[in-house]
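Before I ask anything, here is the structure I am working with.
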Amino acid sequence: MKQYISLLLAIAINFVFTSCKNDIKNNNTKNSSEKTKIENVKYVYDDGSVKLNITVKETPKRAAAFSQFMTEMLLSLGLEDRMVLGTTEGEMLPSLKDAYEKVPTKIVGHHYPITREAFLLLNPDFVSGWDGTVKPETTGSAEDLVKRNIYPYTVKSTNSGSTLEDVFEEFYMLGKIFDVEEKADSLVKSLKNKLEKAKVNFKDAPKGKRRRATVMGPTDNGVYVASSLVSDLMEKANGVNIFKDLENDWELVSYEAIVDKDPEIIFIYGSANGMTIKERVDYVKKHPVLKNVTAVKNNNIHTILMPDTAPGIRNVDLIIKMNSLFYR
């Protein structure tokens, strides 16, 4: 009897051990399949001071987006379930609000400060946003991120001389990185079609004289004005950016520079930081240096959001809006 009981006990122990071993094996298999192996996708990370060749071997599953434009780009590709952090700098696009609700960590603001420890606790595997997002005190250096199997990504379409076509290429690259190339292709095609249909009703400059405009954000120390991508968007809207020759996408200029360039139309951007959009408009209208600027005298001042001017899903709509305001 004792031998029989011992045998049964041995069989039971062996069964439990085998079951646990199989559970562990199955769990490990499940965990290892969470990230999909893809054909190596290569790109260059370049923030102006650090340049790295990045090879993506597995699709990211825990992306952190430190700008609204990148947040909306990822959401528009249907990647809300693969995001651990998103950012707003104004109102989220209505069509993306429900998707954004699924993102577990949300922050508000431009270049929102976060500690390196808090960032790493999110266990991210991809990070992008405005230039300057990746730095030692907030995310860890780009080199450190790569060592941790976190892919840092810089948006090329914020560089000098960027165009709407560069933004489309950005969507294509994100499609490759996240293995949603068909979605990216479809999205870009729909944006191109939307613009082409709108162009049928575009108004052109009378006598070939295009409206002179600027996108700006006033401060006590001067005015932040947009160049680069915004210049191309204005050109496609049959207008001209008075600051199209600036080297950077955003630069601080004096109020006197605005007077010298004398824009006919002013677009003031709103963001989550500093003055409200209404306060910015009032500030410009009442500024003593700007009182004789054509746009101010004619009250030809319009509001947009910061994400409208950044690379992303909003650019085509901004072109259409600008054209309607240039020649109304």
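The values are calculated or read from the model by the stated rules, or taken from the named source; none is laboratory data. It should be emphasised that the depicted structure is a prediction, and the values quoted were computed from it without experimental measurement. Cβ atoms come from the backbone with ideal geometry, glycine included; neighbour counts cover every protein chain shown.
Tell me which residues, restricted to region 79-105, are of a type in the set (D, E) and within 18 Å of V180 (Cβ to Cβ).
E80, D81 - these are the residues of region 79-105 that are of a type in the set (D, E) and within 18 Å of V180 (Cβ to Cβ).
A further question follows. Determine which member of the set A99, A118 is in contact (Cβ under 8 Å) with a residue 24 or more places away in the chain and either assigned to a helix (DSSP H, G or I) or under 22 Å from L305 (Cβ atoms) (or both).
Matching residue, one of A99, A118: A99.
Which condition number in (1) in contact (Cβ under 8 Å) with a residue 12 or more places away in the chain; (2) over 27 Å from E165 (Cβ atoms); (3) touching a Lys or Arg at 6+ places or on another chain (Cβ under 9 Å) is the one that K291 fails?
Result: K291 fails condition (1) only.
If only one of E137, E165, E196 is among the acidic types (D, E), over 21 Å from T71 (Cβ atoms) and outside any helix (DSSP H, G or I), which one is it?
E137
Output the residues belonging to region 243-264 that are part of a loop (DSSP other than H, G, I, E, B) and either within 21 Å of I277 (Cβ to Cβ) or not aliphatic (A, V, I, L, M) (or both).
Within region 243-264, F243, K244, D245, E247, N248, D249, S254, D262, P263, E264 meet the criteria.
Quick check: is even one residue across region 280-300 of a type in the set (D, E, K, R), under 20 Å from the mean Cα position of the chain (by Cα) and closer than 30 Å to L96 by Cα?
Within region 280-300 (the criterion being of a type in the set (D, E, K, R), under 20 Å from the mean Cα position of the chain (by Cα) and closer than 30 Å to L96 by Cα), the answer is no, since none of the residues qualifies.
Just to verify a result, which residue in region 85-117, among those that are of a type in the set (A, V, I, L, M, F, W, C) and within 14 Å of T133 (Cβ to Cβ), is surrounded by the most Cβ atoms within 10 Å (Cβ to Cβ)?
Selected residue: L85.
Pick from region 301-324 the residues that are over 23 Å from F66 (Cβ atoms) and assigned to a strand (DSSP E or B): which of them is nearest to the chain's Cα centre (by Cα)?
T303
Right, another one. Scan region 278-300 residue by residue and report those that are of a type in the set (A, V, I, L, M), closer than 13 Å to P218 by Cα and buried (at least 17 other Cβ atoms within 10 Å of the Cβ).
Those that are of a type in the set (A, V, I, L, M), closer than 13 Å to P218 by Cα and buried (at least 17 other Cβ atoms within 10 Å of the Cβ): V281, V284, L290.
Looking at (1) crowded, with 18+ Cβ neighbours inside 10 Å; (2) in a helix (DSSP H, G or I), which is the one condition that is false for D81?
The failed condition is (1).
Moving to a separate point now. Cβ-Cβ below 9 Å, separation at least six or inter-chain, first residue in region 227-252 and outside the structural domain of P311 (by TED's automatic domain parsing) and over 22 Å from G48 (Cβ atoms), second aliphatic (A, V, I, L, M) and in a helix (DSSP H, G or I): which pairs?
Filtered contacts from region 227-252: no entries.
Does region 206-227 hold any residues that are under 18 Å from S162 (Cα atoms) and in a loop (DSSP other than H, G, I, E, B), and which are they?
S227 - this is the single residue of region 206-227 that is under 18 Å from S162 (Cα atoms) and in a loop (DSSP other than H, G, I, E, B).
Here's a follow-up. Restricting to region 131-141, and then to whatever is within 18 Å of the chain's Cα centre (by Cα) and either at pLDDT 90 or above or in the same structural domain as K244 (by TED's automatic domain parsing) (or both), can you tell me which residue is surrounded by the fewest Cβ atoms within 10 Å (Cβ to Cβ)?
K135
Kindly indicate which of G161, G175 is surrounded by fewer than 18 Cβ atoms within 10 Å (Cβ to Cβ), over 18 Å from M306 (Cα atoms) and not assigned by TED's automatic domain parsing to the domain that holds D46.
G161
State which residue is surrounded by the fewest Cβ atoms within 10 Å (Cβ to Cβ) when the search covers only region 54-77 and only residues that are in contact with a Ser or Thr (Cβ under 8 Å, 6 or more places away or on another chain), part of a helix (DSSP H, G or I) and in contact (Cβ under 8 Å) with a residue 60 or more places away in the chain.
M70
Collect the residues in region 199-221 that are among the basic types (K, R) and surrounded by 21 or more Cβ atoms within 10 Å (Cβ to Cβ), keeping them in residue-number order.
R211
Restrict the check to region 228-241 and report whether at least one residue is surrounded by 22 or more Cβ atoms within 10 Å (Cβ to Cβ), assigned to a loop (DSSP other than H, G, I, E, B), of a type outside the set (A, V, I, L, M) and touching a helix residue (DSSP H, G or I) at 6+ places or on another chain (Cβ under 6 Å).
No, that holds for no residue.
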